[in-house]
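Please read the structure below before turning to the comments.
The values are calculated or read from the model by the stated rules, or taken from the named source; none is laboratory data. Owing to the predicted nature of the structure, the values given are computational and were not obtained by experimental measurement. Reconstructed Cβ throughout: ideal geometry from the backbone, glycine too, with neighbour counts over all protein chains shown.
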Amino acid sequence: MFKSLTYSGNKCNNYLYFSFDAQFFDIEKVTAELNINPTSVMIKKEPVPLSTAWKYQIYAGNEIDLENHLQKLLDIFEPKVEIINQLKKKHNLTTRLQFVIDIDINPDASTPFFGLDKRAITFLAKTETEVDFDLYKADTLGLLQKLDE
């Protein structure tokens, strides 16, 4: 009954990633030009996934300080702003910074936090990167499971 797209189970699994997205593109060219291996890729197929994506993910687990993880991501990609922009133009790509955040429904648990400081905003502006947030509920106490019984 309570399990839906916004329910992620009994563990917090926070992460963020930077991605290149388009209908079709050669992910090997992106990897070679960036000199960074993706942590995952998706290749467009019928019916899903709807597009191709090259992703570099930083896992935060149940840590609530996502700002620190964002800084690690910036450390990797900030020096490559020119290459990112060349790739986007050459291959007609978009870029995205995705936050995937679990919020524990335990009333005693802290909620995750982060900020988009000037460094992050400058990077996002220079690369014309979109920001997206996926928020899910985590139930470390098992309350939702008890309601389903």
So which residues in region 1-47 are surrounded by fewer than 14 Cβ atoms within 10 Å (Cβ to Cβ), of a type in the set (D, E, K, R) and modelled with pLDDT of 85 or more? ASP26, GLU28, LYS29
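Return yes when THR94 is among the hydroxyl-bearing types (Ser, Thr, Tyr), touching a residue at least 40 places away in the same chain (Cβ under 8 Å) and within 29 Å of ALA32 (Cβ to Cβ) and no when it is not. If you could, list the steps in order and put the result at the bottom.
On the way: among the hydroxyl-bearing types (Ser, Thr, Tyr): yes; touching a residue at least 40 places away in the same chain (Cβ under 8 Å): yes; within 29 Å of ALA32 (Cβ to Cβ): yes.
Here the answer is yes, as THR94 does meet what is asked.
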Of all helices (runs of 4 or more DSSP H) completely enclosed by region 75-149, which ones contain at least 1 residues that are modelled with pLDDT under 90 and either surrounded by fewer than 17 Cβ atoms within 10 Å (Cβ to Cβ) or of a type in the set (A, V, I, L, M, F, W, C) (or both)? 143-148
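Can you tell me which residue in region 48-74 is surrounded by the most Cβ atoms within 10 Å (Cβ to Cβ), limited to those that are small (Gly, Ala, Ser) and more than 19 Å from TYR136 (Cα to Cα)? Break it down into steps so the answer makes sense when it comes.
Keep residues of region 48-74 that are small (Gly, Ala, Ser), which gives 51, 53, 60-61.
Subsequent filtering for residues that are more than 19 Å from TYR136 (Cα to Cα) retains 51, 53.
Working: SER51: 14, ALA53: 23.
Taking the candidates together, the pick is ALA53.
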If you check LYS72, LYS137, LYS88, which single one turns out to be without any contact (Cβ under 8 Å) to a residue 40 or more places away in the chain and either under 26 Å from PHE25 (Cα atoms) or of a type in the set (D, E, K, R) (or both)? LYS72
